[in-house]
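Asks: One structure, pasted below without further comment.
The values are calculated or read from the model by the stated rules, or taken from the named source; none is laboratory data. It should be emphasised that the depicted structure is a prediction, and the values quoted were computed from it without experimental measurement. Cβ sites come from the backbone with ideal geometry, for glycine too, and all protein chains shown count toward neighbours. What goes into the accessible areas is simple: the full protein's heavy atoms, side chains included, and nothing from ligands, DNA or RNA. Shrake-Rupley method; radii C 1.70, N 1.55, O 1.52, S 1.80 Å.
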Amino acid sequence: MIPAEFLAKLPDVARTYLEGRTLDEVECIVSDLAGVARGKAMPGTKFARQTQFYLPNSIFFQTITGDWADEVGDGFTEPDMILTPDFDTALPAPWTADWTLQVIHDIHDQQGDPVSFAPRNVLKRVVELYNARGWQPIVAPEMEFYLVAPNTDPAQEIVPPMGRSGRRAAARQAYSMSAVDEYGQVIDDIYDFAEAMGLEIDGILQEGGAGQIELNLRHGDPVKLADEMFYFKRMIREAALKHDMYATFMAKPIAGEPGSAMHIHHSVVDAATGQNIFSDADGAETPAFMHFIGGMQRNMPAVIALLAPYVNSYRRYVPDFAAPINLEWGRDNRTTGLRVPVSGPEARRVENRLPGMDCNPYLGIAASLATGYLGLVEGKGPSEEFKGDAYSAESGVPRGLGDALGLLEANLGVRQCLGEDFCRVYSGVKQLEYNEFLHVISPWEREHLLLNV
């Protein structure tokens, strides 16, 4: 029997979900560096009696391939971290066969201090920098992803899914209603799961790639939105599997198709008044708005390693494929890396178009916010606004993960915002992943070099 005092801790959506039912299981989860859910599942009755549980800190030293960056740990003794439930994040897992809740946990060490290299704590650290100056950052993320046919052989290329018409999804159908209807059953389940979880979707549309979807979230608190994206990625994968498809958040899953981005819209409000600091009393742009953009321009190269965290990520940064190749800024210009959308003064914001959808949402939002924060503190404006096609401008984005990690190492301001300990761990894990990739010989190399060089 679940105690009443436990049920009282749950948000309304979780209590409604369990009304008249038995809580079978609770998934106690955290995000690792890659954004993968790690944790434990336990019976609901046990969870209701337990105030905390433990996981080794080595979950943050693991690469995407399952290897371990031993050198970034404290002798790699794998001490336990203390995980306590954040009950505000307790949401249903409606795709499961029984009545299950999933709960994101706060992570501290055994001395009670936040674990500095836990991604959710990194984002909280950056938000606290804003709060200490009387500011509240606001974000609105966009999620792009592909629905693809099941791929059980990594040697085979990814292909679009079969639609209800019996034909595979076609490319270059951006904003087409009939194209998105081709896999309407998956979309219906995404809506149904989101409603059951109490997650609000601002809109879903067909993007430019074959089987590529964009899902928009309403603006709000950065940590809350990152939690929602963490949940959405799990849920979307489950909705796709239900219909014999994969959902992939790779930055560039299909050659010749556009990549998938995680655009982030940013504004900052005065915590005391609730007013957007990017607009003055007359509705005009403020110096703070220009300083924020300037900080993004100057510091974005140092956080590309977080916004584009894998070797595949850099395949997205190519001209004329709806992805930026530099850090120019412009008003209502989708060819620039930093775009100022059309809006009223109260909604004045800047859109960062650099992050890929393969990044960890906690780290992507933290990194992007850190660059704008440094701009507000430094008080320096950006370059001249770019007008025209920014794909014709010189590239200002690192061309590979190795270069990006070097830029992160060299930027002291960014490292202080994100935390030196986190940057050390992150760089160690990513360098190991990069080294592992260099041992792989690609089909291109075998085709063109085997007999020709």
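Asks: Could you sort 342, 318, 223 by their accessible area in this structure, using a 1.4 Å probe and putting the largest first?
Replies: Details: 342 115, 318 45, 223 20 Å².
Accessible-area ranking of 342, 318, 223, largest first: 342, 318, 223.
Asks: Shifting gears a bit: Restricting the count to DSSP beta bridges whose residues both fall in the chain, what percent are antiparallel, rounded to a multiple of 5?
Replies: On the way: 48 of 56 bridges.
If we restrict to bridges inside the chain, about 85 percent are antiparallel.
Asks: What trypsin sites (Lys or Arg not before Pro) does the stretch 161-200 have in DSSP loop regions with at most 12 other beta carbons within 10 Å? Numbers along the way, then the final one.
Replies: On the way: sites: 164, 167, 168, 172; in loops: 164, 167, 172.
Sites meeting the loop and neighbour criteria: 164, 167, 172.
Asks: Over 22 Å between C-alpha atoms is what I'm after, so list which of 9/233; 40/233; 124/224; 124/380 land there. Walk me through the intermediate numbers first.
Replies: On the way: 9/233 25 Å; 40/233 18 Å; 124/224 10 Å; 124/380 25 Å.
Beyond 22 Å between Cα atoms: 9/233; 124/380.
Asks: Near the amide H of residue 340, under 5 Å away, which other amide H atoms are found, from residues 5 or more places off or on another chain, if H is placed in the peptide plane?
Replies: Residues meeting the amide H criterion: 330, 331, 332, 333, 351.
Asks: Something else now. If amide H atoms are built 1.01 Å from N in the plane of the peptide, which residues on other chains or at least 5 residues away come under 5 Å of the amide H of residue 279?
Replies: Residues meeting the criterion, in which the H sits 1.01 Å from N, are 286.
Asks: Add -39500 (n - 2.57) for each DSSP H run of 4 or more in the chain, then divide by its residues: what number comes out at 222 nm, to the nearest 500 deg cm²/dmol? Could the numbers behind the result be given before it?
Replies: Numbers: 13 runs with 151 residues, N = 453.
Calculated at 222 nm, the ellipticity per residue is -10500 deg cm²/dmol.
Asks: So, in Å, what gap is there between the alpha-carbon centers of the stretch 357-387 and the stretch 138-184?
Replies: Taking the Cα centre of each part, the stretch 357-387 and the stretch 138-184 sit 30 Å apart.
Asks: Right, next: Each residue of the stretch 358-370 in turn: what ³J(HN,Hα) in whole Hz from Karplus with 6.51, -1.76, 1.60 and θ = phi - 60°, glycine and Pro shown as x?
Replies: 7, 7, 5, x, 4, 6, x, 5, 4, 5, 5, 5, 4
Asks: Might you work out the accessible area of residue 291 for me, using a 1.4 Å probe with all protein chains in place, and round it to the nearest 10 Å²?
Replies: Here the accessible area works out near 50 Å².
Asks: Over the alpha carbons of the stretch 1-75, what is the largest minus smallest coordinate on each principal axis, giving the biggest first in Å?
Replies: 49, 20, 17
Asks: Carbon and sulfur together cover what percent of the accessible area of the chain at a 1.4 Å probe radius? Don't jump to the answer; show the numbers that get you there.
Replies: On the way: 10070 of 19820 Å².
Looking at the chain in its full context, I get 51 percent from C and S.
Asks: Still on this structure: Under Stokes-Einstein, with the Kirkwood radius over Cα pairs standing in for Rh, what whole-number D in µm²/s applies to the stretch 1-150 at 25 °C and 0.890 mPa s?
Replies: Stokes-Einstein gives a translational diffusion coefficient of 140 µm²/s.
Asks: If you don't mind, another one. Note down the accessible area of residue 59, probe 1.4 Å, to the nearest 10 Å².
Replies: Accessible surface of residue 59 is approximately 20 Å².
Asks: Along each of its three principal axes, how wide is the spread of alpha-carbon positions in the chain, in whole angstrom units, largest first?
Replies: Result, largest extent first: 65, 57, 50 Å.
Asks: Can you give me the accessible area per residue for the chain, using a 1.4 Å probe, in Å²? Before the final figure, lay out each step's value.
Replies: Numbers: 19820 Å² over 453 residues.
Using a 1.4 Å probe on heavy atoms only, each residue of the chain averages 44 Å².
Asks: Using the Karplus curve 6.51 cos²θ - 1.76 cosθ + 1.60 with θ = phi - 60°, work out ³J(HN,Hα) for each residue of the stretch 97-110 in order, rounded to whole Hz, and write x for Gly and Pro.
Replies: Ordered by residue, 3J(HN,Hα) equals 7, 10, 8, 10, 10, 10, 9, 7, 10, 6, 10, 10, 7, 6 Hz.
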